[in-house]
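The values are calculated or read from the model by the stated rules, or taken from the named source; none is laboratory data. The model shown is predicted, which means the values in this text are computed figures rather than measured ones. Here the Cβ positions follow ideal geometry from the backbone for every residue, glycine too, while neighbour counts run over all protein chains shown. To get the accessible areas, we keep the full protein, side chains included, count just its heavy atoms, and leave off ligands, DNA and RNA. Shrake-Rupley method; radii C 1.70, N 1.55, O 1.52, S 1.80 Å.
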Amino acid sequence: MNEINWNDFQKIDMRIGTVISAENFKEAKKPAYKLIVDFGEFGKRKTSAQITKRYKPENLIGKQVVAVINFPPKQIANIMSECLILGAVGNDNDIILIQPENTIENGLKIG
């Protein structure tokens, strides 16, 4: 495990967002979904998520997630990913999304 210091951690901007669009990402090399997530005052951002083992696109709409929003955009197939949704990696690379216990305001900072 690589250690980071407190200043490094403070640079990571993790926020709450709500998935407003989810569809199969046919152009991706590995099974994934194209998502649009609403981060309130921080806007709506596109991303790709390899969460196809546990989730269906129609069940993701309205789910709140935790995401890093201050990485530079990254080209993934034919979209520019603008955030990184966080999840725990289970058996067989099964991703379990990290979610707030209750519905809260989009854009709230994780700290």
Count neighbours as other Cβ atoms within 10 Å of each site's Cβ, and list the trypsin sites (Lys or Arg not before Pro) in the range 35-70 that are DSSP loop with at most 12 such neighbours.
Arg54
Residues meeting the amide H criterion for Lys44 (H placed from the backbone, H to H distance under 5 Å, 5 or more places apart or on another chain) are Phe39
First measure r as the distance between the Cβ atoms of Phe71 and Thr103, then evaluate 1/(1 + (r/R0)^6) with R0 = 30 Å and state the FRET efficiency to the nearest 0.05.
0.75
For the chain, what is the accessible area per residue in Å², given a 1.4 Å probe and the full set of protein chains?
66 Å²
How big is the accessible area of Ser81 in square angstrom, nearest 10, if you roll a 1.4 angstrom probe over the protein chains?
10 Å²
With each label point set 7 Å from Cα along the Cα-Cβ vector, what nm distance links Lys63 and Asp94?
1.3 nm
Please identify every one of the GluC sites (Glu not before Pro) in the range 1-53 that sits in a loop by DSSP and has no more than 13 other beta carbons within 10 Å of its own beta carbon.
Glu3, Glu27
Which of Asn78, Asn59, Asn91 fluctuates most in a GNM of the chain (C-alpha springs under 10 Å)? That residue is Asn91
Full-stretch length increase - Glu41, Asn2 - with 0.36 nm per residue and alpha-carbon distance subtracted:
10.7 nm
Ignoring ligands, DNA and RNA, what percent of the accessible area of the chain is carbon or sulfur (1.4 Å)?
50 percent
Give the shape of the range 68-110 as rounded, prolate or oblate, defined through the alpha-carbon gyration tensor: a ≥ b ≥ c are the square roots of its eigenvalues, a/c under 1.5 means rounded, and otherwise the shape is prolate if a/b is larger than b/c and oblate if not.
oblate
For the range 2-91, build the charge dipole from Cβ charges (+1 Lys, Arg; -1 Asp, Glu) around the Cα centre, then report which of Ile69, Ile85, Phe39 sits farthest towards its positive end.
Ile85
Using amide H atoms built 1.01 Å from N in the peptide plane, name the residues 5+ places from Ile110, or on other chains, whose amide H lies under 5 Å from its own.
Met14, Arg15, Ile16
Per the C-alpha gyration tensor (a ≥ b ≥ c, the square roots of its eigenvalues), the range 5-46 is rounded if a/c is under 1.5, else prolate if a/b beats b/c, else oblate; here it's oblate
Row for the chain, column shape: gyration tensor on C-alpha, a ≥ b ≥ c, rounded if a/c < 1.5 i.e. under 1.5, prolate if a/b over b/c, else oblate; value rounded
What residues have an amide H closer than 5 Å to that of Lys53, excluding those fewer than 5 places away on the same chain, when H is modeled at 1.01 Å from N in the peptide plane?
Ile95
Starting from the range 1-40, pick out the trypsin sites (Lys or Arg not before Pro) whose DSSP state is loop and whose Cβ has at most 12 other Cβ atoms within 10 Å.
Lys11, Lys26, Lys29
Under 19 Å from the Cα of Lys26 - lysines, other chains or at least 8 residues apart
Lys34, Lys46, Lys53, Lys56, Lys74
